[in-house]
Amino acid sequence: MSGSKILWGQILIVFAIVLTTTWGATEWTAWSLGFQPQLGPPWFVAFGFPFYPPPAFFWWWFAYDAYAPHIFVQGAYIAASGGFLAIAIAIGLSVWRAREAKTAETYGSARWATAGELREAGLLGEDGVVLGKYRRAYPA
């Protein structure tokens with residue numbers, strides 16, 4: 001696998017972690033503030049529980065931090081944990097992928113042919129052009 005290939009799976013996992021923790025911080029903050037009307041209308045309601053857009057936490061933090069700083073600090077810890085977790089997961093997946101590769105092709109995939117491959121290609125006959133030495137003999 002080339003080093004320039006985009007690893008969409010890793011990107012999606014990291015994005016999902018950040019989105020989940022940000023949304024978790026938003027919902028935890030809304031719950032801690034008692035779902036007050038000043039938070040604005042929810043994005044949608046499911047099973048009687050209001051759900052706000054994931055970045056709403058940051059809007060509320062900017063507007064209402066002076067009223068409940070301890071709640072917003074807790075929410076910030078929840079949101080920031082997603083960044084640290086995403087970094088750890090990205091590094092872990094990169095290390096796992098690097099260890100998974102059996103044959104490194106960093107400088108190309110050229111190698112010496114095996115006896116079977118030489119025989120298959122018909123290079124071990126008596127006639128032809130000398131290509132190189134193989135086991136003290138010059139295959140044609």
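Observations
- Pro50 meets the conditions (1) at pLDDT 90 or above; (2) part of a helix (DSSP H, G or I) in every case but one. The failed one is (2).
- Condition check for Phe57: closer than 13 Å to Gly24 by Cβ, assigned to a helix (DSSP H, G or I), among the aromatic types (Phe, Trp, Tyr) and assigned by TED's automatic domain parsing to the domain that holds Leu19: yes
- Subset of the stretch 20-35 that is buried (at least 22 other Cβ atoms within 10 Å of the Cβ) and among the small types (Gly, Ala, Ser) - its residue that is farthest from Gly83 (Cα to Cα): Ala30
- Condition met for Gly83 (surrounded by 16 or more Cβ atoms within 10 Å (Cβ to Cβ), out of contact with any strand residue (DSSP E or B) (no Cβ under 7 Å at 6 or more places or on another chain) and either not in a helix (DSSP H, G or I) or not aliphatic (A, V, I, L, M) (or both)): no
- Some residue of the stretch 60-77 being outside any helix (DSSP H, G or I) and among the aromatic types (Phe, Trp, Tyr): yes
- Condition met for Ala104 (part of a loop (DSSP other than H, G, I, E, B) and at pLDDT below 90): yes
The values are calculated or read from the model by the stated rules, or taken from the named source; none is laboratory data. Here the structure is a predicted model, which means the values were calculated and not measured. Virtual Cβ from ideal backbone geometry, glycine too; neighbours counted across all protein chains shown.
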